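The structure appears below as C-alpha cells.
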C-alpha cells in the first residue's frame with residue numbers, strides 16, 4: 001500500500017500511459033492506475049430481516065415459493081441442457097468511492113442424464129476456478145427437483161415484482177426477489193422468466209465498515 005511518504009522528494013516517471021503511471025522514488029517503484037466512475041447504478045439494499053416478519057414474529061411470505069418463476073423442473077433441465085457456460089461481470093464497489101473493480105467470472109454447466117441434476121461452480125461467492133483463493137475448494141451448486149432460489153440457500157425472501165433489465169448479455173424479463181443471505185447480507189436476485197435456471201443479475205449488499213457491495217451481471221450464455 002502506498003502512502004504520502006513514498007512520494008516525497010524527487011520522483012522519476014518510469015511509465016506513463018492513459019491509464020497507468022509508474023514513478024521511481026529513492027529506488028522504490030510506485031504504481032498508480034486511473035479509475036473512472038462506473039456506469040453501474042448503486043442501489044443499496046436497505047431492508048432487514050425484521051421486515052419479513054409481522055409484529056407477532058410470524059413470517060409474512062410463506063406463499064412466495066409458489067410465485068417463483070421456475071416451478072417446472074423439467075423446463076429448467078431442458079433449458080440448461082442447452083447451456084455449456086455462463087459468464088458474468090463481477091463488480092466490487094471500492095469503499096468511499098463510486099468506482100467499481102470489475103473482473104470476469106465463468107462457470108461451466110454440467111447436466112446429468114442419470115439423475116436429472118444440474119451442477120455448476122457457484123461463482124456468486126465472488127470468484128471462479130481461474131480466481132480461486134489458495135487452499136479453498138470451489139463451492140458447487142446443484143439444481144434438483146426443488147429449485148427454489150438455488151444456488152442461494154436463503155429461506156427468507158420475497159418477490160418484489162416483474163422487471164425488465166439490461167445486461168451485457170441482453171435485455172431480459174425477470175422476476176425480482178429480495179432475500180437475506182449469510183451474515184445478514186442483503187440480496188436482490190433477477191431470475192430470467194423464459195430462461196429457467198439462468199440468473200441475469202445479483203446484488204449482494206453487506207453494510208458496515210467490514211461489509212461489501214457486489215454486483216454480478218450476466219455477460220454471455222454459451
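Throughout, read-outs are computed from the coordinates displayed, never taken from laboratory work. Being a predicted model, the structure only gives us computed values, none of them experimental. Glycine gets a Cβ as well: all are built from the backbone with ideal geometry, and neighbour counts include every protein chain shown.
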| request: Please find, in a Gaussian network model of the chain (springs between Cα atoms separated by less than 10 Å), the residue of 47, 172, 127 whose mean-square fluctuation is greatest. | output: 47
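I need the shape label for segment 14-151. Rule: rounded when a/c is under 1.5, else prolate if a/b > b/c, else oblate, with a, b, c from the alpha carbon gyration tensor. Working shown, then result.
Values: a/c = 2.93, a/b = 1.62, b/c = 1.81.
Here segment 14-151 falls in the oblate category.
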| Who wins for biggest fluctuation among 121, 205, 184 in a Gaussian network model of the chain, springs between alpha carbons below 10 Å? | 184
| remark: segment 150-167 and segment 33-100 have their Cα centres apart by a whole-number Å value of 5
| note | If R0 = 41 Å, then residue 92 and residue 13, at their Cβ-Cβ distance, give a FRET efficiency to the nearest 0.05 of 0.90
| remark: In nm, the gap between the two label points placed 7 Å beyond Cα toward Cβ at residue 49 and residue 156 is 0.4
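Would you order 83, 145, 41 from fewest to most other beta-carbon atoms within 10 Å of each residue's own beta-carbon? Intermediate values should be presented prior to the final figure.
Values: 83 17, 145 10, 41 6.
With the fewest neighbours first, 83, 145, 41 line up as 41, 145, 83.
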| remark: Here FRET efficiency (C-beta to C-beta, residue 146 to residue 62, R₀ 22 Å, nearest 0.05) is 0.90
| For residue 25 and residue 138, what does the FRET efficiency come to when R0 = 30 Å and r is the distance between their Cβ atoms, rounded to the nearest 0.05? | 0.15
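Compute the Cα gyration tensor for segment 164-222, then decide on rounded, prolate or oblate, letting a ≥ b ≥ c be the square roots of its eigenvalues: rounded whenever a/c is under 1.5, prolate when a/b is larger than b/c in the other cases, and oblate in all that remain.
Details: a/c = 2.80, a/b = 1.96, b/c = 1.43.
In terms of gyration-tensor shape, prolate.
Please give the length that would be gained between residue 114 and residue 41 if that part of the chain were fully extended, namely 0.36 nm times their separation in residues minus their C-alpha to C-alpha distance (nm, one decimal).
Numbers: separation 73, 0.36 × 73 = 26.28 nm, distance 4.30 nm.
Once the chain is fully extended between residue 114 and residue 41, it gains 22.0 nm.
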